[in-house]
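Nothing in this text is a laboratory measurement; each read-out follows from the coordinates by a stated rule. What you see is a predicted model; the values in this text were computed from it and never measured. Please note: Cβ atoms are built from the backbone with ideal geometry, for glycine as well, and neighbour counts cover all protein chains shown.
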Amino acid sequence: MVQINLPENSKVQKGEYYKDITGSKNIRKVNIYRWDPSSGENPRIDTYEVDMDNCPSKVLDLLNKIKNEIDPSLAYRRSCSHGVCGSCAMNMDGKNGLACTKPHAEINGDINIYPLPHLKVKKDLIGDLSTLYKQYESIEPWLKTNTKIESKEIFQSKEDRSKLDGAYECIMCACCSTACPSYWWNGDKYLGPAVLLQAYRWIIDSRDDERKERLQKVADELKLYRCHTIMNCTNACPKGLNPAKAIAEIKKMLATG
Ligand code: SF4
Ligand code: SF4
Ligand code: FES
């Protein structure tokens, strides 16, 4: 039987243990993936004992508390703190989500926090999303119209506008793409659910004049048809969107012309 091992320098080791110094009776253990490329050391899991009596409700609050009060070297992304910017996406308790909307009370036992899966890691909880952003750029996510746009608004009927529901709300957090096994193995070629949902959003926009060209652009064995409808993406979306359905709709449009 073939045995596959991680390279020695990728093996995750046991890290620092930060014991509570507040004397609180309400302590939770938080295990966090740490890796600093400039250190030359292996990744490790650091454990922090956190006083939960003085911690607001979300996982991001927990991380902020650790960074502000225990270990300022911890690196993670965040901006809006309200589930709008997508920057705090990470893997919590084995599931991708937004740290700013995920209540830590929903996690039983120790709280395990990792970067989004299958991305190269830049540092600690910060995944490298540059490939995903290039793929996003490749679908040209802006309105393309033959009409000369001057100062006039381009009208859209209420019905046409409602077709964008379930697509325009996407915040490009990448929780779906990094939960998709096809994207894990072919992330450089397969566009993945986040980018395909965005492609769909522009294909169905009644104001856009390049529907055909957009469809042709994604009609590719590797860019689109690597989706095997496993549905991990839809289960992972913290905004309750359904990228798997959008991908199926693109396939249907291509099949029916
Ligand atoms: S449905 Fe398609 S995009 Fe979604 S997880 Fe499965 S293979 Fe990936
Ligand atoms: S579909 Fe959902 S999970 Fe995927 S990028 Fe958009 S908001 Fe994030
Ligand atoms: S910080 Fe903006 S979505 Fe979490």
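Which of 168, 76, 114 moves most in a GNM of the chain, Cα contacts under 10 Å?
Among 168, 76, 114, the largest mean-square fluctuation in the Gaussian network model of the chain belongs to 168.
Please list, ordered by chain and number, the residues whose modelled amide H lies under 5 Å from the amide H of residue 18; skip anything fewer than 5 residues away on the same chain.
47, 48, 49
Pulled fully out, how much extra length does the chain show between residue 106 and residue 162, if you take 0.36 nm times their separation in residues and subtract their Cα-Cα distance?
16.8 nm
Ranked by Cβ crowding within 10 angstrom, fewest neighbours first, how are 100, 180 ordered?
100, 180
How would 229, 178, 234 line up from fewest to most surrounding beta-carbon atoms within 10 angstrom?
229, 234, 178
Among 59, 97, 179, which residue has its Cα positioned farthest towards the positive end of the charge dipole of the chain, with +1 placed on the Cβ of Lys and Arg, -1 on the Cβ of Asp and Glu, and the dipole taken about the Cα centre?
Result: 179, furthest along the dipole toward the positive end.
Amide H to amide H under 5 Å from residue 125: which residues, 5+ apart in sequence or cross-chain, H placed 1.01 Å off N in plane?
75
Any idea what the dipole of the range 66-184 comes to, in debye rounded to 20, about its Cα centre with Lys/Arg Cβ at +1 and Asp/Glu Cβ at -1?
Charge dipole of the range 66-184: 300 debye, to the nearest 20.
Just list whichever of 25/58; 102/212; 11/189; 67/95; 144/252 have alpha carbons separated by over 31 Å in the model shown.
102/212
Sort 24, 157 so the one with the fewest other Cβ atoms within 10 Å of its own Cβ comes first.
157, 24
Ordered by residue, what ³J(HN,Hα) values in Hz, to whole numbers, does the range 4-16 give under the Karplus form 6.51 cos²θ - 1.76 cosθ + 1.60, where θ = phi - 60° and Gly and Pro are x?
So the Karplus estimates, Gly and Pro as x, are 10, 10, 5, x, 3, 7, 9, 5, 7, 10, 6, x, 6 Hz.
When you have a sec, figure out the Kirkwood radius of the range 1-71 from all distinct Cα pair distances and drop it here in Å to one decimal?
The answer is 13.9 Å.
Going 7 Å from the Cα of residue 184 along its beta-carbon direction, which residues of the range 116-154 have the amide nitrogen within less than 12 Å of the resulting point?
Flagged as within label range: 117-119.
Extension gain residue 213-residue 36, at 0.36 nm per residue separation less the Cα-Cα distance, in nm?
Answer, rounded to one decimal: 59.4 nm.
Along the Cα-to-C-beta direction of residue 118, a point sits 7 Å from the Cα; which residues of the range 212-228 have their amide N less than 12 Å from that point?
Of the residues in the range 212-228, 226-228 have backbone N under 12 Å from the label point off residue 118.
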